[in-house]
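Colleague: Here's a structure for you.
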Amino acid sequence: MTVTADHEPAPLSSAETHAAIDAVWRIESGRVIAGLTRMVHDVGLAEELAQDALVAALEQWPSSGVPRNPGAWLTAIAKRRAIDRFRRQDTLDRKHQQIARDLESQVSSGADAEAVFSEQIEDDLLRLMFVSCHPVLSTEARVALTLKLLGGLSTPEIARAFLVSESTVAQRIVRAKRSLADADVPFEVPGRDELPARLDSVLEVIYLIFNEGYSATAGDDWLRPEMCAEALRLGRILAGLMPDAAEVHGLVALMEIQASRTAARRGPNGEAILLLDQDRTRWDQLLIRRGLAALDRAESLASVPGTYTMQAAIAACHARAATALETDWQRIADLYAELAAREPSPIVELNRAVALSMARGPAVGLAVVDRLRDEPSLRNYHLLPSVRGDFLAHLGRFDEARAEFERAATLTNNQAERDLLAARAAACAAGVVPD
């Protein structure tokens, strides 16, 4: 991106133009849409105005260069488009007239565009997060809208990330905007009584995005690092906007530590590598340090840790161990037991079984897993037979283990994971404990 130091921005070559604008849009679109939503009180209209400004950038920046503050430039153009739009309407209600007057006053006053753009931008971003993740929307709609408005991702990019059609994503986004308008959702941070539940929704959406990148539910690739990076970016923004919210820092800690393993989770041919088999020298130490710092922050802010903070503490046990054998597995089992006591979950119990097997032997883990075999929510969950197969293999019950791995392979929609489970089944067929 070419920007001059003091005065006029330098012209861009045609080759540089789209790359520069794409980078600017990814960085600034959330802030621009957030600010516009505060002004026009309609998230759908705000996005349309921002897109109009983006078109103007595509037309003008190739010759004029990227402005010193591209976000302020986009916001100013979008404001002018809003004024024009309101004025063109045949009938203007009083609300629209007032909005137009306010916008016109800002534009005509000659106010510093950068100062106007910077003012209240943090509050606006926080409001937009709570609007995009509003519980009135379905989980799928919240995820799509968040990635569109705050992530700056295009509809095709979101569709590719979740392996659904572009029309499906587009419909989710349109319906989400309509639902927000119909419910007259205010552009504000919830009050004290509503905040915990609404914050939970925001954190859930960010972690859903991260998990889809960390362990893709379908497709050929086990990992989608760009989705993890996007979730981390949103989490870090939220942590900056809510510095005293313990669970925000807990979630960031969890994602930082888990993301540190990315390079070690795939082999040279893209094959999946499980946690116990990973080369820990390939774990990203910078992300681990950031994660541990965020965990310290979360624990210092709450006398009783929340669920994300507790999961981050579990991840930290892995991060602090040089090898799988040096991991404090009993501490991990205890943390899972505490987590299960607070919020009972078959998934938590399954994870506790793995920790117990490492701490006390596979027979102990198998006893816990066998109690979960009739759990309805795990009937089609591929990790249940996968974990059980691992315990059986270590106990020398290879025929039973092979059957479990084969069943697990039929339950996953991810090809890389299916290949891994098939290889484990083949090892059991040969009477060998899978790596």
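The values are calculated or read from the model by the stated rules, or taken from the named source; none is laboratory data. This one's a predicted model, so the numbers in the text were calculated from it and none came from an experiment. Here the Cβ is made from the backbone with ideal geometry for all residues, glycine too, and neighbour counts use every protein chain on show.
Colleague: Quick check: is even one residue across the stretch 411-430 touching a His at 6+ places or on another chain (Cβ under 6 Å) and within 22 Å of residue 364 (Cβ to Cβ)?
Modeller: no
Colleague: Filter the stretch 200-212 down to the residues that are in contact (Cβ under 8 Å) with a residue 60 or more places away in the chain and more than 9 Å from the chain's Cα centre (by Cα), then identify the one that is surrounded by the most Cβ atoms within 10 Å (Cβ to Cβ).
Modeller: Across the stretch 200-212, the extreme among qualifying residues is 202.
Colleague: While we're looking at this one, here's another question. Out of (1) over 21 Å from residue 237 (Cβ atoms); (2) modelled with pLDDT of 85 or more, what's the single condition that is false for residue 164?
Modeller: Result: residue 164 fails condition (2) only.
Colleague: Quick check on the stretch 170-189: of everything there that is crowded, with 16+ Cβ neighbours inside 10 Å and not aliphatic (A, V, I, L, M), which residue is nearest to residue 159 (Cα to Cα)?
Modeller: 172
Colleague: Further question on the same structure: Considering every residue within the stretch 213-227, establish whether at least one is modelled with pLDDT under 90, surrounded by fewer than 20 Cβ atoms within 10 Å (Cβ to Cβ) and in a helix (DSSP H, G or I).
Modeller: There is at least one residue in the stretch 213-227 that is modelled with pLDDT under 90, surrounded by fewer than 20 Cβ atoms within 10 Å (Cβ to Cβ) and in a helix (DSSP H, G or I).
Colleague: Considering only the stretch 373-383, I want to know if a residue exists there that is assigned to a helix (DSSP H, G or I) and among the polar types (S, T, N, Q). Before you say what the answer is, go through the steps one by one.
Modeller: The initial filter retains those residues of the stretch 373-383 that are assigned to a helix (DSSP H, G or I), namely 376-378, 383.
Applying the additional criterion that residues be among the polar types (S, T, N, Q) yields 377.
Yes, some residue in the stretch 373-383 is assigned to a helix (DSSP H, G or I) and among the polar types (S, T, N, Q).
Colleague: Let me ask another. Take the residues in the stretch 16-72 that are part of a helix (DSSP H, G or I), out of contact with any Lys or Arg (no Cβ under 8 Å at 6 or more places or on another chain) and acidic (Asp, Glu); name whichever of them is farthest from residue 157 (Cα to Cα).
Modeller: Per the stated criteria, the residue is 59.
Colleague: Assuming residue 164 fulfils every condition listed in (1) without any contact (Cβ under 8 Å) to a residue 40 or more places away in the chain; (2) assigned to a helix (DSSP H, G or I) apart from one, which condition is it?
Modeller: All conditions pass for residue 164, except number (2).
Colleague: Let me ask something else. Note down all Cβ pairs under 6 Å where the first residue falls in the stretch 407-432 and is closer than 17 Å to residue 272 by Cβ, the second is in a helix (DSSP H, G or I) and among the aromatic types (Phe, Trp, Tyr), and they're at least six residues apart or on different chains.
Modeller: 421/405; 424/405; 425/405
Colleague: Within the bounds of the stretch 365-387, is there any residue that is of a type in the set (Asp, Glu), under 27 Å from residue 293 (Cβ atoms) and touching a residue at least 24 places away in the same chain (Cβ under 8 Å)?
Modeller: No; the residues of the stretch 365-387 include none that is of a type in the set (Asp, Glu), under 27 Å from residue 293 (Cβ atoms) and touching a residue at least 24 places away in the same chain (Cβ under 8 Å).
Colleague: Please state which of the following conditions residue 406 fails to meet, knowing it meets all the rest: (1) over 22 Å from residue 364 (Cα atoms); (2) at pLDDT below 95.
Modeller: Among (1) over 22 Å from residue 364 (Cα atoms); (2) at pLDDT below 95, the lone unmet condition for residue 406 is (2).
Colleague: What about residue 251, is it at pLDDT 90 or above, under 25 Å from residue 287 (Cα atoms) and surrounded by 15 or more Cβ atoms within 10 Å (Cβ to Cβ)?
Modeller: yes
Colleague: Let me confirm something: among 375, 400, which residue is at pLDDT below 95 and farther than 24 Å from residue 327 by Cα? Full working, then the answer.
Modeller: On the way: 400 fails: at pLDDT below 95.
Testing whether each residue is at pLDDT below 95 and farther than 24 Å from residue 327 by Cα leaves just 375.
Results for (1) part of a loop (DSSP other than H, G, I, E, B); (2) at pLDDT 80 or above, shown as yes or no for each residue.
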site: 104; (1), (2): no, no
site: 124; (1), (2): no, yes
site: 142; (1), (2): no, yes
site: 156; (1), (2): no, yes
site: 170; (1), (2): no, yes
site: 180; (1), (2): no, yes
site: 184; (1), (2): yes, yes
site: 201; (1), (2): no, yes
